[in-house]
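These notes concern the structure reproduced below.
The values are calculated or read from the model by the stated rules, or taken from the named source; none is laboratory data. Just so you know, these numbers come straight off a predicted model, no measurement behind them. Because the Cβ atoms are built from the backbone with ideal geometry, glycine has one as well, and the counts that use them run over all protein chains shown.
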C-alpha cells in the first residue's frame with residue numbers, strides 16, 4: 001500500500017523520476033602482442049604464412065593456432081622465404097615468412113635478396129632474444145638492423161608491445177608503397193608475450209599515382225611522332241584487370257610489347273602484340289628491338305642491367321625512353337630518361353585508356369614483323385621422340401599441348417630455364433613466377449606456394465639438377481599440405497650455366513661444376529608423391545601422361561627426373 005508521502009513524490013510534476021546509471025562498458029579482454037600481430041595480419045588479408053618454428057616467437061605461433069591464417073611449416077628457412085616471396089608476386093599484398101633468430105634469419109636472407117632485386121612485397125618476421133638479454137651475446141643473438149638494413153626497405157623491431165598492430169600496418173605499407181620490396185620485423189620473445197589492448201590498427205592506404213595531364217600530353221606527342229614504338233612490361237605490381245586492359249589497348253593500336261626477363265604473361269603469349277622476352281637467353285630479334293625502336297615505354301619496371309645487357313644496350317641519350325614507375329628514385333635504371341611517369345601499372349593503364357591515336361601503317365608493319373619473329377622462336381619442336389637419350393625439346397613439345405589455358409610455370413636459375421622462356425604459354429599475369437636475381441633453389445618452393453594459392457591451376461616447375469637439391473626437400477611440405485605441382489628435373493650432371501662460362505673463358509679446363517646425382521624419381525616417391533626417372537627419349541610421352549594422371553586422379557605432386565646428355569663431355 002502506498003503512503004501519502006510516497007504518492008505525492010511519485011506524482012510530483014516538478015521532480016523527474018530517478019535515472020538509473022548504465023553499467024560501465026566492459027573493457028576488451030587483453031591479448032598478448034603476439035596474438036595481436038596475428039589478428040593484424042588477418043585484417044590485412046593474409047591467407048597463409050610460411051614458417052620454420054623457433055622458441056623465439058612461440059606466442060605468435062600460439063596466435064596462429066586458432067587463426068584463419070594457414071600455417072605452412074617448411075623444412076628450411078630459405079624455402080620458407082622463397083615461398084613467401086613467390087606469394088608476394090602472386091597476391092595484392094606481401095607474402096609472409098616467419099623464422100627464428102641467428103641461424104634461422106641467416107638462412108632466410110636468400111629470399112630477402114630475391115624480394116629486394118625482384119621488387120616483391122614481402123614481410124619477414126624474425127624472432128629475437130628477450131629484450132632484457134640484448135647486447136650480452138645471448139644464445140643466437142645478432143644485430144638485425146646491421147644484417148638486413150641494406151637489403152630491405154625497412155627493418156623494424158617491436159620494443160614496445162602496445163605498438164604491435166601499428167608495426168604490422170607500417171610494415172605492410174612499407175612493403176607495398178613506392179617500389180615494392182621486403183620489410184623485416186624483429187620480435188623479441190619477451191615483448192610479444194606481454195598483454196595489450198587488442199585493437200587492430202587500420203590498414204594504411206597505398207598511393208598509386210597516375211598520369212598528369214602534362215604526362216598524358218607528352219606521351220601522346222611521343223607516340224604520334226613514333227614510327228616504331230615498343231612497350232616493355234615488368235615488375236610484380238599488376239592486376240589481371242590492368243594486364244587485360246593494356247593488352248586490349250596495344251592490340252587496337254597495333255603496338256608491340258616485350259616482357260622483362262622472367263615476367264612473361266602480363267601481355268598474353270598469344271597476343272598479336274606480344275613480341276617476346278628481353279633478358280638473358282633472349283632471342284636476337286628482341287635484343288635488336290631495344291636499339292631499333294624510336295620510343296620505349298617501360299611499365300612497372302626500368303631498363304636495368306639484364307635488359308640492357310650489362311648497361312651496354314640503349315645508352316644513347318638521344319633515344320626516347322618513358323619510364324612508368326612509382327619509384328621516384330628510379331633505382332636500377334640504365335640509359336636515357338625522356339620522362340618519368342610516377343604511377344603504378346594499374347593507375348597508368350587506367351589513364352592510358354584515354355589516349356587514342358590513329359593507327360599507323362608503320363606500327364602495323366613493325367608489330368607484325370616482330371610478332372612473326374616471336375612465333376618462329378616459340379614454335380614447338382617435333383613431338384615425336386628421337387632415338388637415344390631424353391631431350392628437353394621432346395618433353396616441352398609433349399607437355400605444352402597437354403596444358404590448360406591458365407597454366408603457370410615456376411623456376412629458379414640455370415640453363416634449364418631457357419625452355420620455359422621459349423616455349424611455356426604464359427597467358428595471364430603472374431603465370432611465370434621466377435627469381436630475377438638469378439637465385440637457385442627457387443623452383444620447388446615457388447611451385448608449392450603457387451599450388452597452394454590456387455589449387456585448381458596446373459603448376460609446372462622446371463628445375464636443374466643442381467638447383468633442385470638446394471630446396472628439393474620442400475617436397476615434404478608439398479605432400480603435407482596437398483600442393484600438386486608437376487616438377488621436371490633436367491639432370492645434366494653439372495652446374496650447366498657455370499660450365500658454359502668456363503668453356504667460353506677457360507676452354508678444356510672444367511673445374512668445380514660436375515655433379516653425381518641420386519635417383520630423383522625415387523626421392524619423390526619417398527616424399528609421398530609420384531616419381532619417375534626417364535633416360536630414353538621414347539619414354540617421355542608416357543612419363544608425362546603418368547605424372548599428370550597422378551596429379552589429377554591421386555591428388556599428389558609428380559616429379560619427372562629427365563636425365564639428359566651433357567652438351568660438352570667433361571674432360
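Hey, any hits in segment 481-490 for a residue that's buried (at least 22 other Cβ atoms within 10 Å of the Cβ), modelled with pLDDT under 95 and farther than 25 Å from residue 91 by Cβ? Break it down into steps so the answer makes sense when it comes.
Start the filter on segment 481-490 by keeping residues that are buried (at least 22 other Cβ atoms within 10 Å of the Cβ), which leaves 483-490.
Those left that are additionally modelled with pLDDT under 95: 490.
Those still in the list that are farther than 25 Å from residue 91 by Cβ too: 490.
Yes, some residue in segment 481-490 is buried (at least 22 other Cβ atoms within 10 Å of the Cβ), modelled with pLDDT under 95 and farther than 25 Å from residue 91 by Cβ.
One line per residue, one yes/no per condition, for (1) more than 19 Å from residue 390 (Cα to Cα); (2) under 29 Å from the mean Cα position of the chain (by Cα):
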{"site": "507", "(1), (2)": "yes, no"}
{"site": "512", "(1), (2)": "yes, no"}
{"site": "515", "(1), (2)": "no, no"}
{"site": "518", "(1), (2)": "no, no"}
{"site": "521", "(1), (2)": "no, yes"}
{"site": "529", "(1), (2)": "yes, yes"}
{"site": "533", "(1), (2)": "no, no"}
{"site": "538", "(1), (2)": "no, no"}
{"site": "546", "(1), (2)": "no, no"}
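When residue 455 is evaluated against the numbered criteria (1) at pLDDT 95 or above; (2) buried (at least 18 other Cβ atoms within 10 Å of the Cβ), which criterion, by number, is the only one it fails?
In the conditions (1) at pLDDT 95 or above; (2) buried (at least 18 other Cβ atoms within 10 Å of the Cβ), residue 455 misses (2) alone.
Go through (1) touching a residue at least 60 places away in the same chain (Cβ under 8 Å); (2) more than 26 Å from residue 475 (Cα to Cα) one by one and return the number of the condition residue 144 breaks.
(1)
Just to be sure I understand, how many residues within segment 503-516 are under 24 Å from residue 393 (Cβ atoms) and outside any loop (DSSP other than H, G, I, E, B)? Before the answer, list the steps.
Of all residues in segment 503-516, those under 24 Å from residue 393 (Cβ atoms) come to 503-504, 513-515.
Okay, now just the ones that are also outside any loop (DSSP other than H, G, I, E, B), so 503-504, 514.
Adding up the residues that qualify gives 3.
Would segment 72-91 turn up any residue that is under 24 Å from residue 199 (Cα atoms), in the same structural domain as residue 170 (by TED's automatic domain parsing) and free of Cβ contacts under 8 Å to residues at least 60 places away in the same chain? Spell out the reasoning first.
The first filter runs over segment 72-91 and keeps only residues under 24 Å from residue 199 (Cα atoms), leaving none.
No; the residues of segment 72-91 include none that is under 24 Å from residue 199 (Cα atoms), in the same structural domain as residue 170 (by TED's automatic domain parsing) and free of Cβ contacts under 8 Å to residues at least 60 places away in the same chain.
Being buried (at least 18 other Cβ atoms within 10 Å of the Cβ) and farther than 18 Å from residue 446 by Cβ narrows it down to one of 168, 110, 99, so name that one. Please lay out each step first, then the result.
On the way: 110 fails: farther than 18 Å from residue 446 by Cβ; 99 fails: farther than 18 Å from residue 446 by Cβ.
That would be 168, the only listed residue that is buried (at least 18 other Cβ atoms within 10 Å of the Cβ) and farther than 18 Å from residue 446 by Cβ.
Restricting to segment 27-52, give me the number of residues that are outside any helix (DSSP H, G or I) and surrounded by fewer than 18 Cβ atoms within 10 Å (Cβ to Cβ).
As a first pass, look at segment 27-52 and keep what is outside any helix (DSSP H, G or I): 27-32, 44-52.
Imposing the further condition that a residue be surrounded by fewer than 18 Cβ atoms within 10 Å (Cβ to Cβ) reduces the set to 27-30, 45, 47.
Summing the residues that are outside any helix (DSSP H, G or I) and surrounded by fewer than 18 Cβ atoms within 10 Å (Cβ to Cβ) in segment 27-52 gives 6.
So, in segment 151-204, exactly how many residues are in a loop (DSSP other than H, G, I, E, B) and either assigned by TED's automatic domain parsing to the domain that holds residue 235 or touching a helix residue (DSSP H, G or I) at 6+ places or on another chain (Cβ under 8 Å) (or both)?
So the answer is 21.
So which residues in segment 226-251 are surrounded by fewer than 21 Cβ atoms within 10 Å (Cβ to Cβ), touching a residue at least 60 places away in the same chain (Cβ under 8 Å) and more than 24 Å from the chain's Cα centre (by Cα), if there are any at all?
Matches in segment 226-251: 227, 228, 249.
Within segment 334-439, which helices (runs of 4 or more DSSP H) (wholly inside it) include 3 or more residues that are at pLDDT 95 or above? Step through it out loud before you land on a result.
Numbers: elements: 345-352, 361-378, 392-399, 417-423.
It comes to 345-352, 361-378, 392-399.
Quick check on segment 473-485. Is at least one of its residues in contact with a strand residue (DSSP E or B) (Cβ under 6 Å, 6 or more places away or on another chain), in contact (Cβ under 8 Å) with a residue 60 or more places away in the chain and in a strand (DSSP E or B)?
The answer is no; no qualifying residue exists.
For residues in segment 66-92 being modelled with pLDDT of 95 or more and in a loop (DSSP other than H, G, I, E, B), which is surrounded by the most Cβ atoms within 10 Å (Cβ to Cβ)?
Among those that are modelled with pLDDT of 95 or more and in a loop (DSSP other than H, G, I, E, B), it is 74.
Exactly one of (1) touching a strand residue (DSSP E or B) at 6+ places or on another chain (Cβ under 9 Å); (2) modelled with pLDDT under 95; (3) in a loop (DSSP other than H, G, I, E, B) is unmet by residue 227. Its number?
It is condition (2) that residue 227 fails.
In the list 63, 95, which residue meets the criterion of being modelled with pLDDT of 95 or more and under 20 Å from residue 410 (Cβ atoms)? Show your work before the answer.
Working: 63 fails: under 20 Å from residue 410 (Cβ atoms).
Just a single option satisfies the conditions, and that option is 95.
Any idea which residue in segment 432-451 is nearest to residue 412 (Cα to Cα), counting only those that are crowded, with 24+ Cβ neighbours inside 10 Å and over 12 Å from the mean Cα position of the chain (by Cα)?
Here the answer is 441.
Name the residue, out of 536, 494, that is modelled with pLDDT under 90, in the same structural domain as residue 419 (by TED's automatic domain parsing) and within 21 Å of residue 392 (Cβ to Cβ). Let's see the steps before the verdict.
Numbers: 536 fails: modelled with pLDDT under 90.
Of the residues listed, the single one that is modelled with pLDDT under 90, in the same structural domain as residue 419 (by TED's automatic domain parsing) and within 21 Å of residue 392 (Cβ to Cβ) is 494.
Could you tell me how many of the residues in segment 501-521 are over 26 Å from residue 540 (Cα atoms), surrounded by 10 or more Cβ atoms within 10 Å (Cβ to Cβ) and either free of Cβ contacts under 8 Å to residues at least 12 places away in the same chain or out of contact with any strand residue (DSSP E or B) (no Cβ under 6 Å at 6 or more places or on another chain) (or both)? Spell out the reasoning first.
In the first step, residues of segment 501-521 are kept if they are over 26 Å from residue 540 (Cα atoms); the result is 501-513.
Those left that are additionally surrounded by 10 or more Cβ atoms within 10 Å (Cβ to Cβ): 501-503, 506-507, 510-511, 513.
From what is left, the residues that are either free of Cβ contacts under 8 Å to residues at least 12 places away in the same chain or out of contact with any strand residue (DSSP E or B) (no Cβ under 6 Å at 6 or more places or on another chain) (or both) are 501-503, 506-507, 510-511.
Of the residues in that region, 7 qualify.
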